[in-house]
Amino acid sequence: MADTPLLKRLSPAEVLIDKPLEEAVYDADGTLLLSKGAVLKDPTLKSKVVERGHRKVDPLAPPAPRSGGPLEKPREPVFSNVQHIASSLNVILTDYLAGRHAHTFESRIRSLATRLAAACADDAEAAIAAIHLFHEGDYAIRHHLSVATVTALIAQGLDLPAEAVNSLVCAAATHDIGILQLANHTAELPERHKILIRQHPTLSLNVLKEHGVEDPLWLEAVMQHHERLDGTGYPYGLSGSEISQAGRILAVADVYCAMTRPRPYRPKAYFPMAAMRDLYVGQSHQLDNALIQMLIKVMGLVPPGSLVRLKNGELAVVKKRSNSLNPLCFALQSPTGTPLMPPERRDTREPTLAISGRVDPEQCTPIMALIRRLWA
């Protein structure tokens with residue numbers, strides 16, 4: 001009798017947008033979901049397929065070559081991968097709000113955290129650019145994705161064990177889950193909602209416990225991410241050494257991302273370079289100064305994905321991290337607004353090409369696809 005093929009979970013690189021599937025996709029029970037050759041065009045649908053999908057593996061087949069062989073799967077660019085992780089997070093949190101799949105919540109968040117940490121380790125600059133250039137969808141999803149990415153980079157910069165990195169990224173991806181429905185408010189909140197804001201670390205903790213999360217590092221980070229070193233934070237007013245490293249890491253990532261992302265009630269965000277400066281100069285009494293320095297080290301003073309105006313009038317985007325204020329950029333538009341195709345490399349150490357100011361993402365909507373291709 002023939003051996004029954006095994007089922008193996010799909011990886012994101014095996015399901016590419018606008019590319020025919022190389023193999024049929026099945027669910028965990030072996031039911032066919034998609035036939036070989038099917039083409040996906042929706043990133044959200046891709047995320048659902050990756051979460052549920054399996055391919056059949058013949059246990060008697062020889063192993064595929066480790067690298068360079070004809071059967072090697074195409075590697076998905078990190079920039080695109082981060083965008084697909086955002087779609088996965090949207091699906092998970094939407095299911096949470098609808099009361100669906102509570103029993104798989106923890107495992108799905110852990111899987112997402114593993115994917116995001118791997119993306120950051122693989123190509124940190126593309127991951128950083130992705131969160132600075134990602135403006136689609138609800139603020140809550142964009143913010144949680146950004147905080148999770150920055151948390152992964154800080155934790156990896158500290159050389160924390162992989163298990164700790166995973167727990168911290170899980171915490172970052174769920175830190176505001178207790179007030180998810182308030183995250184997209186567009187006006188001044190009534191007093192009763194302001195009270196919920198002050199309570200939201202506790203509310204989030206309770207939601208996570210109700211969904212089976214018992215990881216103490218994950219829970220501790222969520223509970224403490226609004227505590228401050230000088231005792232002015234909430235919900236417990238902890239100070240100094242009472243606040244764990246996990247809580248301090250998530251606090252730094254959360255504050256940076258809140259500063260640099262436009263909110264529904266505050267459309268103007270900090271320029272990343274200005275946020276770095278203000279964190280270093282003005283927040284050291286509340287946030288861990290060593291972690292602020294690590295944030296600057298792993299992100300760069302002007303992070304990749306920052307949209308800038310050069311002194312010669314060109315619109316450009318930062319491509320590489322740098323510890324100086326003169327990072328490598330690519331010019332996207334001429335001083336008269338004509339798109340440069342392809343974008344042209346600029347050394348901002350040259351006085352006429354130095355960065356002179358910021359550019360709002362709204363001004364770049366027509367050329368955003370061109371910008372994102374720089375990290376393809």
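Restricted to the stretch 6-37, and to residues there that are within 24 Å of Phe79 (Cβ to Cβ) and small (Gly, Ala, Ser), the residue that is least open to solvent (accessible area, probe 1.4 Å) is Ala13. Criterion first (touching a residue at least 24 places away in the same chain (Cβ under 8 Å), closer than 17 Å to Val252 by Cβ, within 14 Å of the chain's Cα centre (by Cα) and surrounded by fewer than 24 Cβ atoms within 10 Å (Cβ to Cβ)) does His143 satisfy it? In short, yes. Within the option set Asp288, Asp278, being open to solvent by 40 Å² or more (accessible area, probe 1.4 Å) and in contact (Cβ under 8 Å) with a residue 12 or more places away in the chain holds for one residue only, Asp278. Inside the stretch 343-359, residues that are farther than 24 Å from Ile154 by Cβ, touching a residue at least 12 places away in the same chain (Cβ under 8 Å) and either assigned to a loop (DSSP other than H, G, I, E, B) or open to solvent by 40 Å² or more (accessible area, probe 1.4 Å) (or both) make up a count of 10.
Return a yes/no flag: does the stretch 40-48 have any residue that is β-branched (Val, Ile, Thr) and either at pLDDT 80 or above or outside any helix (DSSP H, G or I) (or both). For the stretch 40-48, residues β-branched (Val, Ile, Thr) and either at pLDDT 80 or above or outside any helix (DSSP H, G or I) (or both): absent.
I'm trying to understand the selection: among the residues of the stretch 292-302, which are under 15 Å from Asp254 (Cα atoms) and buried (at least 20 other Cβ atoms within 10 Å of the Cβ)? If the condition is that a residue be under 15 Å from Asp254 (Cα atoms) and buried (at least 20 other Cβ atoms within 10 Å of the Cβ), then Ile292, Leu295, Met299 are the ones that fit. In the stretch 94-134, the residue that is least open to solvent (accessible area, probe 1.4 Å) out of those that are among the acidic types (Asp, Glu) and either over 30 Å from Arg373 (Cα atoms) or part of a helix (DSSP H, G or I) (or both) is Asp95. Name the pairs whose Cβ atoms lie under 6 Å apart, with the first residue in the stretch 319-339 and under 30 Å from Gln293 (Cβ atoms) and without any contact (Cβ under 8 Å) to a residue 40 or more places away in the chain, the second open to solvent by 80 Å² or more (accessible area, probe 1.4 Å) and assigned to a loop (DSSP other than H, G, I, E, B), and 6 or more positions between them or separate chains? Pairs that qualify, where the first residue is under 30 Å from Gln293 (Cβ atoms) and without any contact (Cβ under 8 Å) to a residue 40 or more places away in the chain and the partner is open to solvent by 80 Å² or more (accessible area, probe 1.4 Å) and assigned to a loop (DSSP other than H, G, I, E, B), are Asn326/Arg349; Pro327/Lys320; Leu328/Lys320. The combined condition, being closer than 18 Å to Met273 by Cβ, out of contact with any Cys (no Cβ under 7 Å at 6 or more places or on another chain) and not polar (S, T, N, Q), is fulfilled by Ala354.
The values are calculated or read from the model by the stated rules, or taken from the named source; none is laboratory data. Every value quoted in this text rests on a predicted model; they were computed, and no experiment measured them. When we count neighbours, we look across all protein chains shown, and the Cβ atoms used for this are built from the backbone with ideal geometry, even at glycine. Ligands, DNA and RNA are excluded from the accessible area calculation, which covers all protein heavy atoms including side chains. Shrake-Rupley method; radii C 1.70, N 1.55, O 1.52, S 1.80 Å.
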